[in-house]
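These notes are about the structure you will find just below.
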Number of protein chains: 2
Amino acid sequence: MILAVTLNAALDVTYEVDALVPGSTHRVTTSWARAGGKGINVASVLHALGIPVIATGLVGGSTGDLIVADLEARGIVHDFVAVNGDSRRTVNVVSAATGDSTIFNEAGPVIGADEWTAALATIGSLVESHAATVVALSGSLPRGLPDTAYAQLVEVARDRGALTVVDAGGAVLAAAVAAHPDVVKPNLAELEAATGSTDIPAGAAALRDLGARDVVVSAGAEGATVVQADGRVITVHPGARLAGNPTGAGDAMVAAICAGLADGDPWTTTLTEAVAWSAAAVLEPLAGELDAAEVVRRRSAVTVVAGSAERR
Amino acid sequence: MILAVTLNAALDVTYEVDALVPGSTHRVTTSWARAGGKGINVASVLHALGIPVIATGLVGGSTGDLIVADLEARGIVHDFVAVNGDSRRTVNVVSAATGDSTIFNEAGPVIGADEWTAALATIGSLVESHAATVVALSGSLPRGLPDTAYAQLVEVARDRGALTVVDAGGAVLAAAVAAHPDVVKPNLAELEAATGSTDIPAGAAALRDLGARDVVVSAGAEGATVVQADGRVITVHPGARLAGNPTGAGDAMVAAICAGLADGDPWTTTLTEAVAWSAAAVLEPLAGELDAAEVVRRRSAVTVVAGSAERR
């Protein structure tokens, strides 16, 4: 079983308006809401492909109730830990006139130190009770949590025999690698922020020196590269450049990595899937959606380049 | 007891951002939410001055729960009728850079015909059970309700011995006057839309010909004029022109009219209070707030002009 963790879950609300004019009053012509956050997108992608997954993390208040109700309606298995604060909303105002998205992100709840201690224990017990073999840790942290939150969860998961995949940036990524996660998946900007390097093999080697085992760097339309513990490097290119919605492409990649880890697949297979899922996700208007037939088409288009990294 | 009805109650959410830039992503630095809608503002003003009032109307879903919870927290007595749809939110994005407000109004629930029939009966029973002597009907209607909704409520209230005050515009106002409400309070734009006239005595006479008894026309910084059933006209000017927040000034005026009706005050007294409350409300940043000391100051500044209208 894969456990996808979202500590800062959101209710993603979309408002359609005729045209956005700052300083004026707008009638919202259509609105809808959907559970979001990177870990929830990972769970949604795995669910779309029929791969067993449980979404967990922290939710609270009436917005938290709506997040859980949406997962329930979508048939995504969930087991969230309740917190006192109200989960955040994001409001995406889409202008019919220009097609532009203007996004407002609420700050979300502040998690107390005692709440986090209790949640950490609860998530640990979920790893056991759901017999999780892979735990995905995705996205930003709510206020109040230490930068070491993912590092703590990596240890909790490993102590219970589960592999871990971390998709984070900044200080949270830096703290997480020190706990020796099995896979970290920075994008190029996150790699540079964490290591100062824009060179994938050099940056990945730096992350490995800090404690990460395998490092997958996502490079948008260029695909992705894995640098493994033994120095082997595999790069997968997606083939045709696709126009679409890049939001959620990274989450689809993390989902494929989790699925590959759960199955014990070799990296050539896993990274091929990761790039195919990610490319297929770009074609979906909503993050977390994936069409299995499109994955098959994208898989046939990829090219795999294997080599070995020069270690410093 | 005064009963303040809000059929399209809202949760008014405010987001503070550094600067609103269409097409970009914004971190909401501060957010808060508050029960809103014109009838709720009327109840809030009466509550602020210690005058007994009960807020009622239609609420639904988790947003409806938050509206009721906010009234509870503010100590405003409430007795709302539950509907199936989710009550609407308004999102007001305030830019710290410019001070501009950019507002997004959700459409709100669609009320079914059977729901409305049941709600009408329930509101009728609330008029009785709370021994209401005055019923205020304020603001727009949710989708699904007929334009005659306020006309129906005027009849329901009168059948139970209560006086009625209608604050509405357009087709809803036109339908309401045919049911002979005791007071209607259009502003100048609503008066012109309903009667084609910008002349207050002529427009008010036209509304009276259509069925209204007393007509109060609010004229912003110019104050207000009442045209009574017997043709007497009283105009009250607020004195000094005040800079501030005009949202909610009309609701404060309706609140004073309700209080005057409930006490059986003469129109000179009631309209003086109405203009004083309205002026004091302009000085408050939030609609529905009122400072009793400021009302005293505004009351001392008004001038009253009495006369009689020439009937056509």
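The values are calculated or read from the model by the stated rules, or taken from the named source; none is laboratory data. What you see is a predicted model; the values in this text were computed from it and never measured. Backbone-built Cβ (ideal geometry, glycine too); neighbour counts: all protein chains shown. These area figures cover heavy atoms from the full protein model, side chains too; ligands, DNA and RNA do not enter into them. Shrake-Rupley method; radii C 1.70, N 1.55, O 1.52, S 1.80 Å.
Å³ per residue of the Cα convex hull, for the protein assembly as shown? Intermediate results must be reported in sequence, preceding the final value.
Numbers: hull volume 100.6 nm³, N = 624.
For the protein assembly as shown, the hull spanned by Cα atoms encloses 161 Å³ per residue.
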Are there any trypsin sites (Lys or Arg not before Pro) in segment B:163-266 that are in a DSSP loop and have at most 15 other Cβ atoms within 10 Å? List them by number. B:ARG241
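Under a 1.4 angstrom probe, counting protein chains only, how are B:HIS130, B:HIS47, B:HIS180 ranked by accessible area, largest first?
Numbers: B:HIS130 50, B:HIS47 80, B:HIS180 105 Å².
Putting B:HIS130, B:HIS47, B:HIS180 in descending order of accessible area: B:HIS180, B:HIS47, B:HIS130.
Percent of accessible area on the protein assembly as shown owned by carbon and sulfur, 1.4 Å probe? Walk me through the numbers before you get to the answer.
Working: 12630 of 23970 Å².
Ligands and nucleic acids excluded, carbon and sulfur give 53 percent.
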Given 37 °C, 0.692 mPa s and a Kirkwood radius over Cα pairs, the Stokes-Einstein diffusion coefficient of chain A in µm²/s is 167
Nearest-5 percent of antiparallel DSSP beta bridges in segment A:43-178? 35
Considering only DSSP beta bridges with both partners in chain A, what is the antiparallel share in %, to the nearest 5? 45
Can you tell me the FRET efficiency between B:GLU16 and B:VAL296 if r is taken as the Cβ-Cβ distance and R0 is 30 Å, rounded to the nearest 0.05? 0.40
Please give the residues from segment A:58-104 for which the solvent-accessible area of heavy atoms, probe 1.4 Å, is smaller by at least 30 Å² with all protein chains in place than with the chain isolated. A:SER62, A:ARG89, A:THR102, A:ILE103, A:PHE104
Say the dipole of the protein assembly as shown comes from +1 at the beta carbon of Lys and Arg and -1 at that of Asp and Glu; which of A:ALA178, A:GLN228, B:VAL17 then lies farthest toward its positive end? B:VAL17
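Please find the FRET efficiency linking B:ALA131 to B:ARG27, where r is the Cβ-Cβ separation and R0 is fixed at 60 Å, and quote it to the nearest 0.05.
E between B:ALA131 and B:ARG27, to the nearest 0.05, is 0.75.
Quick one: if the Förster radius is 45 Å, what FRET efficiency do A:ALA306 and B:SER101 give, using the C-beta to C-beta distance and rounding to 0.05?
Numbers: r = 57 Å, r/R0 = 1.27.
The calculated FRET efficiency here is 0.20.
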Taking A:ALA19 in one copy and the same position in all the others, each labelled 7 Å out along Cα→Cβ, what are the pairwise distances from the first, in nm, shortest first? 2.3
Which listed residue (B:LEU7, B:VAL135, B:THR30) has the Cα farthest towards the positive end of the charge dipole for the protein assembly as shown, taking +1 on Lys and Arg C-beta and -1 on Asp and Glu C-beta about the Cα centre? B:THR30
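Over segment A:9-162, give the accessible area per residue in Å² for a 1.4 Å probe, as an integer. Walk me through the numbers before you get to the answer.
Numbers: 5950 Å² over 154 residues.
That works out to 39 Å² per residue.
Of all alpha-carbon pairs in segment A:65-164, indicate the percentage at a distance above 18 angstrom.
Values: 2965 of 4950 pairs.
Percent of Cα pairs beyond 18 Å in segment A:65-164: 60.
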Computed [θ] at 222 nm, helices only, for chain A once each DSSP H run of length n ≥ 4 contributes -39500 (n - 2.57): -12000 deg cm²/dmol
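Give a quick list of GluC sites (Glu not before Pro) in segment B:258-312 that DSSP marks as loop, anything other than H, G, I, E or B, with at most 15 other Cβ atoms within 10 Å. Mind dumping the intermediate values first?
Details: sites: B:GLU273, B:GLU289, B:GLU294, B:GLU310; in loops: B:GLU289, B:GLU310.
Here the GluC sites (Glu not before Pro) that fit, given the DSSP loop and packing criteria, are B:GLU310.
Considering only DSSP beta bridges whose two residues both sit in the protein assembly as shown, what percent are antiparallel, to the nearest 5? Each step should come with its number before you reach the end.
Working: 52 of 122 bridges.
Given both bridge residues lie in the protein assembly as shown, the antiparallel proportion sits at roughly 45 percent.
Mean shadow of segment B:55-111, computed from the convex hull of its alpha carbons, in nm²?
4.7
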Mind ranking A:ARG160, A:ARG89, B:ARG143 by accessible surface for me, highest first, 1.4 Å probe? B:ARG143, A:ARG160, A:ARG89
Pairwise over distinct Cα atoms, reciprocal of the mean inverse distance: report the Kirkwood radius of segment A:215-312 in Å, one decimal place. 13.3
Label spacing, shortest first and in nm, from A:PRO246 to its equivalents in the remaining copies (7 angstrom along Cα→Cβ): 4.5
In chain B, what residue has the beta-carbon at the shortest distance from the axis of the rotation relating B to A, and what is that distance in angstrom, rounded to the whole number? B:SER62, 2
Taking the Cα centre of segment B:169-312 as origin, work out the dipole magnitude from +1 charges on Lys and Arg Cβ and -1 charges on Asp and Glu Cβ, in debye rounded to 20. 280
To the nearest 10 square angstrom, how much accessible area does A:ASP230 have with a 1.4 angstrom probe? 100
Report, in debye and to the nearest 20, how large the dipole of segment B:50-109 comes out about its Cα centre when Lys and Arg carry +1 and Asp and Glu carry -1 on their Cβ. 80
About the Cα centre, and with charges only on the beta carbon of Lys, Arg (+1) and Asp, Glu (-1), how big is the dipole of chain B? Nearest 20 debye, please. 380
Whenever you get a sec, line up A:LEU46, B:LEU141 from highest to lowest accessible area (probe 1.4 Å, protein heavy atoms). B:LEU141, A:LEU46
Give the aspartates and glutamates reachable from B:LYS185 as a straight Cα distance under 19 Å; neighbours fewer than 8 places away on the same chain don't count. B:ASP147, B:GLU155, B:ASP167, B:ASP199, B:ASP209, B:ASP214, B:GLU222, B:ASP230, B:ASP251, B:ASP263, B:ASP265, B:GLU273
